Amino acid sequence: MAARIGISKTNVIDTAFGILEETQSIQLVSMTAVAARLGIRVQSLYAHIDGSTGLKRELALRSLEKLAQDLNQAAIGIAGIGAVRAVLKAQFNFALTHPAAFQASIYPPGNDDLIIKAIEEVNYPMHKILKEAGIDDATITHWSRLVLSTIYGYSTLNQNKQLTLPVSTKESIDYIINVLVTDIDDKISTDK
C-alpha cells in the first residue's frame with residue numbers, strides 16, 4: 001500500500017508518542033487513535049508501521065531514546081558514586097514524569113537489533129561507571145534488574161496513586177537510592 005502524501009513514518013511515530021504523553025496510558029495508543037489524530041484511515045498506517053506490534057515497537061524505541069538522553073545527560077561531568085546517584089535519580093525522574101513512556105521502554109528485545117542497541121544506550125552510563133569500578137558483569141546484571149524492578153514498581157504505584165502515606169515522593173526516592181547504592185558503594189570510589 002502506498003503511503004499518503006504528506007504523512008511520513010516520523011509523523012506517525014510523533015503522533016503516537018504525543019498520544020502516549022498526553023494520556024499517560026500505553027493502552028490508549030492504538031492504530032485507531034493514531035489514524036484519527038492524523039485524519040487518515042487505519043489501513044493507511046500500514047504503509048509506515050507493522051500494525052499494533054510495530055506501533056508498540058516504535059513507541060519502545062522512542063521511549064528508550066528519550067530515556068537514554070536523560071541518563072547520559074545526568075552522568076556528564078560526574079564520577080564514582082555521585083554519578084551512580086545522578087543516573088538513578090534521572091531514571092526515577094523519567095519514570096515518574098513520563099510513566100507511560102517508561103512502561104513502553106520495557107520491551108523484550110528478542111533478536112531486534114535496534115531495540116537491543118537502544119537498551120544498550122540506556123544502560124551505557126551506569127554500566128560504564130560500574131565496569132570502571134571493576135564490578136563483574138553478573139553483579140551488574142543482578143543490580144540492574146534490582147534497579148529496574150524497584151523503579152518500575154515505585155513508578156507504577158505512584159501512577160496508580162497508591163502511595164498515600166504523608167511522606168514526600170522526593171524523600172522516598174532519596175531513601176531508595178541510598179538503599180540501592182549500599183550494595184555497590186564500597187566498590188566505587190567517590191573520587192575516581
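Would you be able to say whether some residue in the range 27-39 is in a loop (DSSP other than H, G, I, E, B) and either closer than 22 Å to T97 by Cα or in contact with a Pro (Cβ under 6 Å, 6 or more places away or on another chain) (or both)? Yes; the residues of the range 27-39 include at least one that is in a loop (DSSP other than H, G, I, E, B) and either closer than 22 Å to T97 by Cα or in contact with a Pro (Cβ under 6 Å, 6 or more places away or on another chain) (or both). The listed residues are Q69, Q91, and the only one of them that is closer than 22 Å to I129 by Cα, polar (S, T, N, Q) and in contact (Cβ under 8 Å) with a residue 24 or more places away in the chain turns out to be Q91.
Could you check, for the range 83-97, whether at least one of its residues is farther than 24 Å from L20 by Cβ, of a type in the set (D, E, K, R) and assigned to a helix (DSSP H, G or I)? Scanning the range 83-97 turns up at least one residue that is farther than 24 Å from L20 by Cβ, of a type in the set (D, E, K, R) and assigned to a helix (DSSP H, G or I). Quick one: would you say K131 is free of Cβ contacts under 8 Å to residues at least 12 places away in the same chain, loosely packed, with under 13 Cβ neighbours inside 10 Å and in contact with an Asp or Glu (Cβ under 9 Å, 6 or more places away or on another chain)? Considered against the rule, which asks whether it is free of Cβ contacts under 8 Å to residues at least 12 places away in the same chain, loosely packed, with under 13 Cβ neighbours inside 10 Å and in contact with an Asp or Glu (Cβ under 9 Å, 6 or more places away or on another chain), K131 comes out as yes. Among the residues examined, A74 does not qualify as touching a Phe, Trp or Tyr at 6+ places or on another chain (Cβ under 9 Å), assigned by TED's automatic domain parsing to the domain that holds S155, part of a helix (DSSP H, G or I) and crowded, with 16+ Cβ neighbours inside 10 Å. Which members of the range 102-128 meet the condition of being among the acidic types (D, E) and surrounded by 13 or more Cβ atoms within 10 Å (Cβ to Cβ)? Correct list: D112, E120, E121.
Somewhere in the range 18-32, is a residue of a type in the set (A, V, I, L, M), at negative phi, surrounded by 15 or more Cβ atoms within 10 Å (Cβ to Cβ) and within 12 Å of the chain's Cα centre (by Cα)? The answer is no; no qualifying residue exists. When restricted to residues that are surrounded by 16 or more Cβ atoms within 10 Å (Cβ to Cβ) and either of a type in the set (F, W, Y) or over 19 Å from G110 (Cα atoms) (or both), the range 41-65 contains 3.
The values are calculated or read from the model by the stated rules, or taken from the named source; none is laboratory data. Quantities reported herein were computed from a predicted structural model and do not represent experimental measurements. Neighbour counts are summed over all protein chains in view; Cβ atoms, including those assigned to glycine, are modelled from backbone coordinates with ideal geometry.
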